[in-house]
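**Student:** Have a look at this one before I ask anything.
The values are calculated or read from the model by the stated rules, or taken from the named source; none is laboratory data. Here the structure is a predicted model, which means the values were calculated and not measured. We place every Cβ from the backbone using ideal geometry, glycine too, and count neighbours over all the protein chains shown. For the accessible areas, the whole protein counts, side chains as well, though only heavy atoms, and no ligand, DNA or RNA atoms are used. Shrake-Rupley method; radii C 1.70, N 1.55, O 1.52, S 1.80 Å.
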Amino acid sequence: MSRSPSLPERPHRNIDPDLPDDERVEALRGHYAELVDVNEQLENQLDQTTERREDLRERVDRVERENETLKSSSLYIASVEDVVGDGEVVVKQHGNNQEVLTEVSPRIAERVEAGDRVAVNDSFAIQTILETETDARAQAMEITERPEVGYEDIGGIDEQVREVREAVEQPLVEPERFEEVGIDPPSGVLLHGPPGTGKTMLAKAVANQTDATFIKMAGSELVRKFIGEGSRLVRDLFELAREREPAIIFIDEIDAVATTRTESKTSGDAEVQRTMMQLLSEMDGFEARGEIRIIAATNRFDMLDRAILRPGRFDRLIEVPEPNRDGREQILEIHTRGMNIADGVDFADLADETDGYSGAEIESLATEAGMFAIRNERDEVHHEDFVDAFDKIEADDSSDVISSAGYFYQ
Ligand SMILES: Nc1ncnc2c1ncn2[C@@H]1O[C@H](COP(=O)(O)OP(=O)(O)OP(=O)(O)O)[C@@H](O)[C@H]1O
């Protein structure tokens, strides 16, 4: 980087006050001329600096634009097969195994080694070197040895709890009963319903009940940024479950990988298809009576590709609806179990008022009521705190149309 030009020396001249007038005037003129000269130099320097600042600003803009493009466009995952030299490498794209000889930008050329996982753009230029695979796997999956949720923590969906226990818990705990009768238990269970109704809780509660490892992966993670990564993650997911048997695989937002096929043939769609095919083939090759159960969840049931609902795949559908009045009362009781609730709190009345609320929304109502009690410097939560909490939630909701319960669910 070039340095800023150094400042011109400040003219400095002592003028003897005893000099005759005409000599003093001459000396002062000379000094003035020097000052004008320095002023000119300073003005030049100011111009140069302004120009340089403009240059730098343009560079910053350019880098920011590049950065944005990098962030917004999908990149493909590839492995570096060979570093040929002269800034050239051979990469093999994941997914289709296409091998390409490509250039590496000087910015990262020195760091690229054979075996690296890299992200390449449409023209196969390496954009970045990726972290090791285990990190990507750890980022995409949530693993809990034994989740802390129990069936007693779930309110208002007793029938769904019963069905899940029958379809997921029983085959794990009493596989011999299925053998005796001579049937295979359901392959996969699909929970569908509006957001925040307890689908994830249900899956966790079964894992807790059966002492199984709970492995959660969000469908959106499978189709995120790096093309070629989704099917590999699906393979990893099942491999991990095999290592940790007994295990419950929970795929949230399954719609992200299993939406109805569209006509468009973009690389992104093809990638989602590949990921879904991988998921189906893992499920097809699965031992139905084994120690691994698969649960998926969606709140976009209408969009699902029916291929995933065929026998041997997600063949047990369980709808988890919004809680009814009694359900809401039960959920209120569950979420206030640990709270210091005053005698006058009328849960039945609150259940009447909260028509259309999901379990998650009832949980926030209880928390918000607790906040009102604290604000009023009480350690007991009164009925009026719940009413204030309800008014606040309603007011917040009316200013936020998208957040209205079940907006995406048809
Ligand atoms: N039926 C319920 N009983 C008790 N609490 C509930 C119930 N449903 C939801 N909750 C509360 O809401 C939170 C979120 O619920 P959960 O994650 O299970 O919903 P979900 O149906 O999986 O939602 P999403 O579709 O948005 O993933 C839970 O941690 C719990 O506190």
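**Student:** Between E245 and D355, 0.36 nm times their residue separation minus their Cα-Cα distance comes to what?
**Tutor:** 35.5 nm
**Student:** So how compact is the chain: Cα radius of gyration and Dmax in angstrom?
**Tutor:** Reported Rg and Dmax, both Å: 33.5, 128.
**Student:** Ok, one more. Relative contact order for the stretch 325-403 using alpha-carbon pairs under 8 Å, separation at least 6, rounded to a whole percent?
**Tutor:** 32
**Student:** With a Förster radius of 30 Å, plug the Cβ-Cβ distance of D211 and S74 into 1/(1 + (r/R0)^6) and report the FRET value to the nearest 0.05.
**Tutor:** 0.15
**Student:** Give me the distance in nm between label points sitting 7 Å out from Cα along the Cα-to-Cβ direction at E26 and N96, one decimal.
**Tutor:** Simple spin-label model gives 8.8 nm for this pair.
**Student:** With the Cα gyration tensor of the stretch 144-319 in hand, give its eigenvalues times 5 under a square root as the equivalent ellipsoid semi-axes, listed largest first in whole angstrom. Let's see the in-between values first.
**Tutor:** Details: eigenvalues 134, 62, 49 Å².
The equivalent ellipsoid of the stretch 144-319 has semi-axes of 26, 18, 16 Å.
**Student:** Would you please put 88-100, 211-223 in order of how densely packed they are, using the mean number of other Cβ atoms within 10 angstrom per residue and starting with the highest?
**Tutor:** Highest mean packing first, the order is 211-223, 88-100.
**Student:** Also, quick follow-up: By average Cβ neighbour count within 10 Å, what is the ranking of 333-339, 202-208 from highest down?
**Tutor:** 202-208, 333-339
**Student:** Tell me, in nm to one decimal, what length is gained between E176 and D396 on full extension, where the rule is 0.36 nm per residue of separation less the Cα-Cα distance?
**Tutor:** Net length gain for the segment: 74.0 nm.
**Student:** Sum -39500 (n - 2.57) across every DSSP H segment of at least 4 residues in the chain, then divide by the residue count to get the 222 nm mean residue ellipticity, nearest 500.
**Tutor:** Working: 14 runs with 181 residues, N = 410.
Helix contribution divided over all residues of the chain: -14000 deg cm²/dmol.
**Student:** At a Förster distance of 45 Å, what's the computed FRET efficiency of E58 paired with L35, Cβ-Cβ distance as r, to 0.05?
**Tutor:** Here the calculated transfer efficiency is 0.80.
**Student:** Taking only protein heavy atoms into account and a 1.4 Å probe, give the accessible area per residue of the chain in Å².
**Tutor:** For the chain, the solvent-accessible area averages 57 Å² per residue.
**Student:** Also, I was wondering about something else. How much length is gained on full extension from R10 to E152, taking 0.36 nm per residue of separation minus their Cα-Cα distance?
**Tutor:** Net length gain for the segment: 42.7 nm.
**Student:** Moving to a separate point now. How much FRET efficiency would the formula 1/(1 + (r/R0)^6) give for E51 and N121, where r is the Cβ-Cβ distance and R0 is 25 Å, rounded to 0.05?
**Tutor:** Taking R0 as 25 Å, the efficiency between E51 and N121 is 0.15.
**Student:** Please state the charge dipole magnitude for the chain, taken about the Cα centre, from unit charges on C-beta atoms (+1 on K and R, -1 on D and E), reported in debye and rounded to the nearest 20.
**Tutor:** I would put it at about 1600 debye.
**Student:** Another question, if that's okay. Given contacts defined as C-alpha pairs under 8 Å and at least six residues apart, what's the relative contact order of the stretch 144-319, whole-number percent?
**Tutor:** After rounding, I find 34 percent.
**Student:** For the ranges 18-24, 45-51, what's the packing order if you count other beta-carbon atoms within 10 Å of each residue, average per peptide, and put the highest first?
**Tutor:** Values: 18-24: 9.7, 45-51: 11.3.
Result, highest mean first: 45-51, 18-24.
**Student:** When only C-alpha pairs under 8 Å and at least 6 residues apart count, what is the relative contact order of the chain, in percent?
**Tutor:** 15
**Student:** At a 1.4 Å probe radius, carbon and sulfur cover how many percent of the accessible area of the chain? Mind showing how you got there, number by number?
**Tutor:** Working: 10800 of 23330 Å².
Accessible surface attributable to carbon and sulfur in the chain totals 46 percent.
**Student:** Nearest 10 degrees is fine. How inclined is helix 21-72 to the longest principal axis of the chain, computing both from alpha carbons?
**Tutor:** Once rounded, one gets 20 degrees.
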